[in-house]
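Written out below as C-alpha cells is the structure these notes cover.
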Amino acid sequence: MQVGLHALGIGAGAERAVIDAVASRADECGFATLWAGEHVVMVDRSASRYPYSDDGVIAVPAQADWLDPMVTLAFAAAASSRITIATGVLLLPEHNPVVVAKQAASLDRLSGGRLTLGVGVGWSKEEFAALGVPFEHRAARTAEYVAAMRTVWRDDVASFHGTFVGFDSIRVYPKPVRDRRIPIMLGGNSDPALRRVAAWGDGWYGFNLDDVAAVRECLAKLDRLCDEAGRDRAELRLAVALRDPRENDVNALAELGVDELVLVVIPPERADAVADWVAALADRWIENRS
C-alpha cells in the first residue's frame, strides 16, 4: 500500500517555500504521490451543492489562495526527483482539451514521466458560468475531451471530430514520456462517476469517503460496472482519501485492492517546520521506510 499527500496549492500549501519543502521531504520519506486540486473560481455564497461534505459546503474559504494545479505540480516536480505528481482533480470540461494535452505532456516531459492526470466533471454552476462553459452535458464533454487528448498524445498528426471538440491534421508536441500516454484517473464517488471509471478511465480517486466500508461499497459497484464494460478492475489504479483515516485502515484498504491512501493534510505555514512535519507523517503512515 502506497501513501500520498494531498497538501499542495491551497493556503499555506500555496507558498513557494512550503511547496519546495513538502516536495523534497516527501520524496525523501517515501511518499508515493503529491496531489493538487483545482477551482478556477470560488464564490462567497454558492447555490451549488458540494458533493464531498454532509452539509454540501466546501471547507475551503472563497478568499483562500488556490494555485493552478499544473503550475503547482511543476514546482513540486522541480523540487523532487522520484515522487509522482497528480492533479486531484483538474476540472477538465472547464478547459480547452488541446491546451490541457499540451500542458500535461509538457509537465510529464519535464518531470520525467511522473504525471498522473486526475480529472473531474465539476459541480459548481457558478464556476462554469463565470468561465462561459455550459454546465449541462459536462460529463459527456469530459469523456470526449479525454478521447481527444489521448489522440493528440498518441498521433504525430492528430485528427478528431466530436460534438464538443474537433481538429484536423494537427501536430502537438512534446509527447508524454510513457508510451505516449498519461494515466487518467477520475474523481467522483457517485454511481455515474464510477461508471465513467469503468468505461474509459485508467483509475479512480475516491475523495473524502467516510470510512473503509464506504470504499468497499464503491468498489463493489465498480466491480459490477467493470464486468458490464468488459474490463478487469485490477487494470485500474485506485487511490482513496478518507475523512478521518486511521492506521489500521491501511491494511483494510490493501485487502480491498486499493493502491494508495491519500492523506488530505494542511502543511505548516513556515517552511522550516515542514521537514519534521512530513517525517512525522511518514513515521505514522509508511511502513518499513528507509
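Here are the numbers for this structure:
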{"item": "Highest to lowest packing among 191-198, 175-182, scored as the average C-beta count within 10 Å", "result": "191-198, 175-182"}
{"item": "Aspartates and glutamates with Cα under 16 Å of Lys125, excluding same-chain neighbours fewer than 8 positions away", "result": "Glu38, Asp44, Glu94, Glu136"}
{"item": "Value at 222 nm in deg cm²/dmol, rounded to 500, when DSSP H runs of n ≥ 4 in the chain each add -39,500 (n - 2.57)", "result": "-11500 deg cm²/dmol"}
{"item": "FRET efficiency, 1/(1 + (r/R0)^6) with R0 25 Å, evaluated for Phe164 and Val43 via beta carbons", "result": "0.50"}
{"item": "For the chain, share of DSSP beta bridges that run antiparallel, in % to the nearest 5", "result": "15 percent"}
{"item": "Sequence-distant lysines (8 or more away, or on other chains) whose Cα lies within less than 26 Å of Lys102", "result": "Lys175"}
{"item": "Highest-first arrangement of 153-164, 70-81, where packing means the average Cβ count within 10 Å", "result": "70-81, 153-164"}
{"item": "Percent of alpha-carbon pairs separated by more than 25 Å within the stretch 2-287", "result": "46 percent"}
{"item": "Pairwise label distance in nanometres, Ala213 with Leu131, each label 7 Å out on the Cα-Cβ vector", "result": "3.6 nm"}
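Read-outs: derived from the displayed coordinates by stated rules, not from any lab. Bear in mind the structure is a predicted one, so any value in this text is a computation, not a measurement. In this analysis, Cβ positions are derived from the backbone assuming ideal geometry, glycine residues included, and neighbour counts consider all displayed protein chains.
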